[in-house]
Structures are given as C-alpha cells and as structure tokens.
Amino acid sequence: MFNKSIVTVSGGMLLFCIPLFNVFSAPMPVAAEQVPLLVEAAAQKHLARWAEAAGLSEPQFSVTVLPGNRPLAACGQPVTVQAADTRQAARMRFIAVCAGNGGWRYEFSVRAQISARVAVAASDVPSGRALVDEEVLLERHDISAIGDSIADPADAVGLSGKRTLRAGELLRKAMLMAPILIKRGEPVRIVARREQIEVSMAGEALDAGARGDSIRVRNANGATIRARVTGAGTVEPASVPVTASPPSE
C-alpha cells in the first residue's frame, strides 16, 4: 500500500500527516512517488469537507491509497486529482491526470475509516415514545459504513424509535420517526396564512400524520383537501408553503 495516515479534524480544520500540497494541482515536475500523496490529500480534503457539512463532532480519519496494476510515472505538467466515486468511504475512487503530450491518467482506490462522536441511546427506550434530552448522548463510533448517523443529539430529541432502542445503541435516522401528531378521525383546525392574514376552519383528519406529512382532511363544507401537518391538531392547506409555527400545546 502506498500510504496510510491518521487525520484528525477539529473545528473544521484539517491536520495533514503528509507534506502540504495543492490537492488539485501540484508544482511541476511531479515525481512518480508523489502521485499517491496527491490522491491521499484529495481524499482527506473531501472527507474534511464532508465532515464539516455533516456537523460531525471530533471526526477522525484513517486513509489508505491502494496501488493499481500499472506502474506510476513522473509528470512534467501539473497533476490534477478529481473524485470519481465517494459514495462509500470504504470504497472511494479518485483519478489523477497528467495533462499534455505524453501524459497519463491513473485511477486509485481509496479506503477511509471514519470515527466521530455521534448520538447514541443513553438507556432503553420503548418504540413509539419520543426521546428526551437525557436519553441521548454522544459517543465515539466507527461510522465508515453508516451514512445516516446523527451528529447533534438535539436532532434526535423529540423523535421516537420504530422499535425499542437499547442503551448504547448508535442512533440512525432510518430507525427514528417523527411522532404522530394527528390520528385518523380526530378533529383538526385548518389554518391558512398569507402575509398578515390568517383564516381557520374546523375539519376532520382522514389520515394519521407526523409534522410535515401531507394528509387528507375533510373541511367544514364537506370537501376533502390535502393538508400538511404543522402541529398537534393543526394543519395547513398543502398548497401553502411550510410555516415555522411552533407545535400546539
């Protein structure tokens, strides 16, 4: 293997364990042994940007550039590196290109191992019950193969598990759901807002729904409309943009 380095990102800054290069363009000439370093730097930069966008807490990376079947060659022109496939951290592909006459194009496989402090269940929580603050904490876990971990505990609070959550279990977005705020057959208040004008009328929910869900509602005139759940017992016509109204008490 060409390179393996441990990278720690803190506060959005990347600490390189290799000499600093311009990731997408290297001063010419570029020696053959420098090419994998450029690929590694590009992979690290990609991971740093991804971690910052995801809001990960104290992310750490282990990056390995795997050798290809073709022997590497030097380049008398600037070498550029671009990401070809970064959907899975453990199986990324980057392409290094030496432009100009006599240039070349190499494809590299890159494996990354990622860990971060992510949300876990602090105790057993039965399915269907909304999580509260003290039931969610941060712990370091390997998330290399997990694309829906939760970086901020606040994002899990108020959601409920689709099944019973166990103490210490890493929380994933796919295992959580927003609590049902409206049940089928319940009376609801249909609220339409436009600028400073608000109009409301009574209705009946024909479907159950969580916040943001589109459900069928029968209004006081007997007409069935599509409405968006905005809080407990309140909806707005689906054609109206989502409001930032707090949930009803």
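The values are calculated or read from the model by the stated rules, or taken from the named source; none is laboratory data. Treat the numbers as computed from the prediction; the structure is a model and nothing was measured. With ideal geometry, Cβ positions are generated from the backbone for all residues, glycine too; neighbour counts draw on all protein chains shown.
Residues that are touching a Phe, Trp or Tyr at 6+ places or on another chain (Cβ under 6 Å): find the strands (runs of 3 or more DSSP E) completely inside segment 20-128 holding 2 or more of those.
Filter on segment 20-128 gives 79-85, 92-98, 104-121.
Looking only at segment 129-157, count every residue that is in a strand (DSSP E or B), out of contact with any Gly (no Cβ under 8 Å at 6 or more places or on another chain) and among the hydrophobic types (A, V, I, L, M, F, W, C) and tell me the total.
The first filter runs over segment 129-157 and keeps only residues in a strand (DSSP E or B), leaving 130, 136-142, 149.
Subset that is out of contact with any Gly (no Cβ under 8 Å at 6 or more places or on another chain): 136-138, 140-142, 149.
From what's left, among the hydrophobic types (A, V, I, L, M, F, W, C): 136-138.
Residues that pass the stated criteria total 3.
Out of 203, 168, 212, one residue alone is under 30 Å from residue 120 (Cβ atoms), surrounded by 12 or more Cβ atoms within 10 Å (Cβ to Cβ) and among the small types (Gly, Ala, Ser). It is 168. Here segment 51-60 is the region considered, the condition is being at pLDDT 90 or above and touching a strand residue (DSSP E or B) at 6+ places or on another chain (Cβ under 9 Å), and the residue that is farthest from residue 139 (Cα to Cα) is 52. With a requirement of 1 or more residues that are touching a residue at least 12 places away in the same chain (Cβ under 8 Å) and closer than 30 Å to residue 144 by Cα, none of the strands (runs of 3 or more DSSP E) lying completely within segment 167-236 satisfies it.
Residue-wise test of (1) touching a Gly at 6+ places or on another chain (Cβ under 9 Å); (2) in the same structural domain as residue 173 (by TED's automatic domain parsing); (3) buried (at least 17 other Cβ atoms within 10 Å of the Cβ).
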residue	(1), (2), (3)
47	no, no, yes
81	no, no, yes
84	no, no, no
98	yes, no, yes
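Per the conditions (1) at pLDDT 95 or above; (2) over 30 Å from residue 58 (Cα atoms), the sole criterion not satisfied by residue 138 is (2).
Taking segment 123-157 as the search range and keeping residues that are within 30 Å of residue 64 (Cβ to Cβ) and among the aliphatic types (A, V, I, L, M), which one is surrounded by the fewest Cβ atoms within 10 Å (Cβ to Cβ)?
First, the residues of segment 123-157 that are within 30 Å of residue 64 (Cβ to Cβ): 138-152.
With the extra rule that they be among the aliphatic types (A, V, I, L, M), the set shrinks to 138, 143, 145-146, 150-151.
On the way: 138: 16, 143: 21, 145: 11, 146: 15, 150: 21, 151: 19.
Among those that are within 30 Å of residue 64 (Cβ to Cβ) and among the aliphatic types (A, V, I, L, M), it is 145.
Candidates 188, 240: the one that is buried (at least 16 other Cβ atoms within 10 Å of the Cβ) and either more than 30 Å from residue 134 (Cβ to Cβ) or modelled with pLDDT of 95 or more (or both) is 188. Restricting attention to segment 24-33, the residues being within 18 Å of residue 74 (Cβ to Cβ) and either modelled with pLDDT under 90 or surrounded by 20 or more Cβ atoms within 10 Å (Cβ to Cβ) (or both) number 6.
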